[in-house]
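Chemist: So that we are looking at the same thing, I have put the structure below in structure tokens.
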Amino acid sequence: MPTLLALSGSPSPHSRTAVVADHVLRRLGHAGFDTAHLAVRELPAADLLSARRGEPEIRRALEAVAAADGIVVATPVYKASYTGLLKAFLDLLPQDGLAGKTVLPIATGGSLAHVLTLDYALRPVLAALGARHVTAGRFVLDSSVERGSGPDRLRPEAELDLFQAVDEFAEALRHGAAPAVSAHAVAPSAPASALATTAP
């Protein structure tokens, strides 16, 4: 069974992006995949920013990427792009660091104005790192993540659409790459055929 790794690139300790990534991993875990979650913010900052690839935690993180068959890359949108924290980690990968891998890109943010970040900022760097196949991504509105006294959850219409992307990602892993498809997004009240979800 393929192994999957989620990379979440939010610097926030209360990250909605991480909540979305965890939802993705639970769905994939229920489908029988081996999953793990790497929050880049938990890596030693000095080692990350100084590109100390040989330091233990950085080395283990890079080895986890290398060992995974599929990668979920999740980031909040900052200044119309993915976070500098995620960029710092991706810069540590070799030029072909995603070679042979299937990748699901996910972005979160407060406005649908940022949906094109997936196709114009994140997708090109994933392709440049040699990803075999970048599946259709999802942009998740912050307002789709509900927080209260219990566990964080996604609004049902947002969760349904996110899971559609996850299931397509799982099929690509099981049966090989299909042609790449652009990301899409949808307001929380829109039908689940497009998208809605979370935030940094």
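Chemist: Under a 1.4 Å probe, what is the accessible area of the chain per residue, stated in Å²?
Modeler: 43 Å²
Chemist: What part of the accessible area of the chain, given as a whole %, is carbon or sulfur when the probe is 1.4 angstrom?
Modeler: The nonpolar share, carbon plus sulfur, comes to 54 percent.
Chemist: Turning to a different aspect of this structure: In whole Å, largest first, what are the principal axis extents of the Cα atoms in the chain?
Modeler: That works out to 47, 36, 32 Å along the principal axes.
Chemist: Continuing with the same structure: Just how large is the dipole of the chain about the Cα centre, in debye to the nearest 20, putting +1 at every Lys and Arg Cβ and -1 at every Asp and Glu Cβ?
Modeler: So the magnitude is around 240 debye.
Chemist: Going by average Cβ density within 10 Å per residue, which order do the peptides 5-11, 64-70 take, highest to lowest?
Modeler: 5-11, 64-70
Chemist: Relative to the present Cα-Cα distance, how much length would full extension add between Ala80 and His30 at 0.36 nm per residue of separation?
Modeler: Full extension of this stretch gives 14.7 nm more.
Chemist: When the dipole is taken about the Cα centre of region 1-115, and only Lys, Arg (+1) and Asp, Glu (-1) are charged at their Cβ, what size is it in debye, to the nearest 20? Mind showing how you got there, number by number?
Modeler: Details: 11 positive and 10 negative charges, 57 e Å.
Taking the Cα centre of region 1-115 as origin, the dipole is about 280 debye.
Chemist: With r defined as the distance between the Cβ atoms of Ala128 and Asp167 and R0 fixed at 35 Å, what FRET efficiency is calculated, to the nearest 0.05?
Modeler: Once rounded, the FRET efficiency stands at 0.85.
The values are calculated or read from the model by the stated rules, or taken from the named source; none is laboratory data. Just so it is clear, the model here is predicted, and its values are computed rather than measured. Positions of Cβ are backbone-derived with ideal geometry, glycine not excepted, and every protein chain shown enters the neighbour counts. Heavy atoms of the whole protein, side chains included, go into the accessibility calculation; ligands, DNA and RNA do not. Shrake-Rupley method; radii C 1.70, N 1.55, O 1.52, S 1.80 Å.
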